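Right, one structure below, let's go through it.
The values are calculated or read from the model by the stated rules, or taken from the named source; none is laboratory data. In this text the structure is predicted, and so the values were computed from the model without any measurement. Methodologically, a virtual Cβ is constructed for each residue, glycine included, from the backbone with ideal geometry; neighbour enumeration extends over all protein chains shown.
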Amino acid sequence: MVNFSIKGFIKLAVFISFLGMAQSGNAQNKINGKKIFETRCLVCHQSDGGGVPNMNPPLDGSTNVNGKDIARLVKIIRNGYDERVALDGMYYNNAMTANPDLKEDAIADVLTYIRASWSNKAGAVTISQVKAALLKNKAAKK
Ligand code: HEC
């Protein structure tokens, strides 16, 4: 009986420390993502994610940013964006600059950050999702 509860306790402790590690990993991604956002994106999309009317679209509340098409988001971050299509019914005149030097983990971090900031509550983006998206984009170029 005593033996059993010690084992149970150890199992529980191991489980809790795993949870802690998983959580701090996620928090680290968001902290890194915030740094990247502040140095590369804030100037256009603003610190509140609200964008600038007619120039730069808001990321806060954007259907696409909160949506399921991760490959499209990865492509925009890597290659920039100048499509002038309606985004949630509005058009924007500015052109987004490319980030060819942003590594896969950094793209995952900044997307995780914008999808979980302000009023956004979408899921984290993983490095393997970014890798798959970059491969898909390469194949599409051929
Ligand atoms: C020079 C200004 C500028 C910078 C810097 C910039 N963006 Fe953009 N971003 C834009 C503009 C303008 C558009 C829309 C372009 C269009 O409509 O053709 C856009 C579009 C987007 C979209 C698509 C939004 C939607 O609703 O579909 C995302 C996501 C995005 N930007 C994220 C980022 C991230 C993340 C960064 C930093 C790594 C960044 N942007 C840096 C100007 C900028």
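The table below lists the values:
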| read-out | value |
| --- | --- |
| Unmet criterion (only one of (1) out of contact with any Gly (no Cβ under 7 Å at 6 or more places or on another chain); (2) of a type in the set (D, E); (3) assigned to a loop (DSSP other than H, G, I, E, B); (4) closer than 19 Å to K30 by Cα) for D101 | (4) |
| Selection from segment 51-74 of residues that are hydrophobic (A, V, I, L, M, F, W, C), surrounded by fewer than 19 Cβ atoms within 10 Å (Cβ to Cβ) and within 8 Å of the ligand (Cβ to nearest atom) | M55 |
| Check on G33, in contact with an Asp or Glu (Cβ under 7 Å, 6 or more places away or on another chain), assigned to a helix (DSSP H, G or I) and within 15 Å of W118 (Cα to Cα) | yes |
| From the options D48, D82, D88, residue that is exposed (fewer than 15 other Cβ atoms within 10 Å of the Cβ) and more than 9 Å from the ligand (Cβ to nearest atom) | D48 |
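Yes/no per residue for (1) touching a Lys or Arg at 6+ places or on another chain (Cβ under 7 Å); (2) of a type outside the set (V, I, T); (3) at pLDDT 95 or above:
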position: Y91; (1), (2), (3): yes, yes, yes
position: T97; (1), (2), (3): no, no, yes
position: S117; (1), (2), (3): no, yes, yes
position: K136; (1), (2), (3): no, yes, no
